[in-house]
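The structure appears right after this line, and notes come after that.
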Amino acid sequence: MSCIDELDYEILLPATSIKDCADYIKRNFKEIYYVRQGYRIFDTYLIGSSSIPVAVDGDYVIIPYVKPCHGSFVLKIKGKMESKRLRAENTK
């Protein structure tokens, strides 16, 4: 399993709650897919409620990410293959 810290990412929303991350993604992006808790993306498992919003913006994937002891963040990560997989496996 890789570590998010090893990826080139941009923090769009720092140190907040999981709910605020979900709200931010829903407000700011049009192409949103809802995945289950434990969904694997970038070799990392997402933590959250039963319906986690994940956005695709061009070749970027926008995810809510929980970093233990630091809070929840919204991250923007380049991932053309992950965005294609999200589109193929999920519905909006």
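Overview of results
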item	result
Complete set of residues in segment 64-92 that are surrounded by 19 or more Cβ atoms within 10 Å (Cβ to Cβ) and either modelled with pLDDT under 90 or of a type in the set (Phe, Trp, Tyr) (or both)	Tyr65, Phe73
Enumeration of residues in segment 1-27 that are without any contact (Cβ under 8 Å) to a residue 40 or more places away in the chain and touching a strand residue (DSSP E or B) at 6+ places or on another chain (Cβ under 8 Å)	Lys26
Failed criterion for Asp57 (all others in (1) free of Cβ contacts under 8 Å to residues at least 60 places away in the same chain; (2) buried (at least 18 other Cβ atoms within 10 Å of the Cβ) hold)	(2)
In segment 65-92, the residues that are part of a loop (DSSP other than H, G, I, E, B), under 15 Å from Tyr33 (Cα atoms) and without any contact (Cβ under 8 Å) to a residue 12 or more places away in the chain	none
Qualifying positions in segment 29-47 - in contact (Cβ under 8 Å) with a residue 12 or more places away in the chain, in contact with a strand residue (DSSP E or B) (Cβ under 6 Å, 6 or more places away or on another chain) and not hydroxyl-bearing (Ser, Thr, Tyr)	Phe29, Glu31, Ile32, Val35, Leu46, Ile47
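The values are calculated or read from the model by the stated rules, or taken from the named source; none is laboratory data. Since the structure is predicted, the reported quantities are computational estimates derived from the model, not experimental observations. For neighbour counting, all protein chains shown are included, and Cβ atoms are generated from backbone atoms with ideal geometry for every residue, glycine included.
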